[in-house]
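The values are calculated or read from the model by the stated rules, or taken from the named source; none is laboratory data. None of the values given here were measured: they were computed from a predicted structure. Glycine gets a Cβ as well: all are built from the backbone with ideal geometry, and neighbour counts include every protein chain shown.
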Amino acid sequence: MHIKAGALMSIRVEVYTSDGIASGILPRDGALRDVLETGTLALDGVAWQGLGTSMREDVQSISIQSDDVLVAVGDDDPGLFVHAAWHHVRLESGPYTVEGDLPTLPGFDPGRALTRPSGEFLQLRDVSISVTGGPDPGVAVGPHTLVNRYTVERIQADLILGFFFPGAIIEAIDPNPEPV
């Protein structure tokens, strides 16, 4: 949902932190990724839900340090990945499990790659987010999300992505499993 008020475009955002989920409006121009890279994410008209509770609390506004953001979902245009090869990944970050597809350039070889991801947040598409070990099978599903790559604790993927997620435990997924 993009709302135009003059030249200002508001973005609807859900932010997943280790304490809970904030859902509100980013009342400024710019892409969500760019705002996250500035260091502070300010939201208006926020509904806050702490982990382990079904109660939602309405808050006028909230500021969250980008380092505290584990996952952010916005309804802005995520941009185009021309000729991207997409790799399914499963990440654990704080209390959340995130599954989605990570873009790489065609022919990407992590052992020989000269380029490294820049910025704190990486985009995934076709995403599901759930509370790790929780009884609810899913918290949210969406077309794209931004994941704080420095907060990922565990990753399962068909590529070795250690430099994408420094400090994470990496578990390989066989891209061509044998039929049973």
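Out of all the residues in the stretch 38-58, which are out of contact with any helix residue (DSSP H, G or I) (no Cβ under 8 Å at 6 or more places or on another chain) and either within 22 Å of Gly79 (Cα to Cα) or among the hydrophobic types (A, V, I, L, M, F, W, C) (or both)?
Answer for the stretch 38-58, where residues must be out of contact with any helix residue (DSSP H, G or I) (no Cβ under 8 Å at 6 or more places or on another chain) and either within 22 Å of Gly79 (Cα to Cα) or among the hydrophobic types (A, V, I, L, M, F, W, C) (or both): Ala42, Leu43, Val46, Ala47, Trp48, Leu51, Met55.
Residue by residue through the stretch 36-56, note down the ones that are at pLDDT 85 or above and more than 16 Å from Tyr16 (Cβ to Cβ).
Those that are at pLDDT 85 or above and more than 16 Å from Tyr16 (Cβ to Cβ): Glu37, Thr38, Gly39, Thr40, Ala42, Asp44, Gly45.
Can you name the condition, by its number, that Gly52 falls short on among (1) touching a Phe, Trp or Tyr at 6+ places or on another chain (Cβ under 7 Å); (2) on the phi > 0 side of the Ramachandran plot?
(1)
Please go through the stretch 52-67 and give me each residue that is surrounded by fewer than 16 Cβ atoms within 10 Å (Cβ to Cβ) and over 12 Å from Ile25 (Cα atoms), ordered by number.
Residues satisfying the conditions are Gly52, Thr53, Ser54, Met55, Arg56, Glu57, Asp58, Gln65, Asp67.
Any idea which of (1) modelled with pLDDT of 90 or more; (2) over 26 Å from Thr38 (Cβ atoms) is the one Gly100 doesn't satisfy?
(2)
Which one of the conditions (1) out of contact with any Ser or Thr (no Cβ under 9 Å at 6 or more places or on another chain); (2) of a type outside the set (A, V, I, L, M); (3) on the phi > 0 side of the Ramachandran plot does Thr104 fail to meet, given that it meets all the rest?
Among (1) out of contact with any Ser or Thr (no Cβ under 9 Å at 6 or more places or on another chain); (2) of a type outside the set (A, V, I, L, M); (3) on the phi > 0 side of the Ramachandran plot, Thr104 violates only (3).
Name the pairs: first residue in the stretch 8-37 and within 16 Å of Pro78 (Cα to Cα) and assigned by TED's automatic domain parsing to the domain that holds Met55, second residue of a type in the set (Phe, Trp, Tyr) and surrounded by 15 or more Cβ atoms within 10 Å (Cβ to Cβ), Cβ to Cβ under 6 Å, at least 6 apart or on different chains?
Cβ pairs passing all conditions: Arg33/Phe121; Leu36/Phe121.
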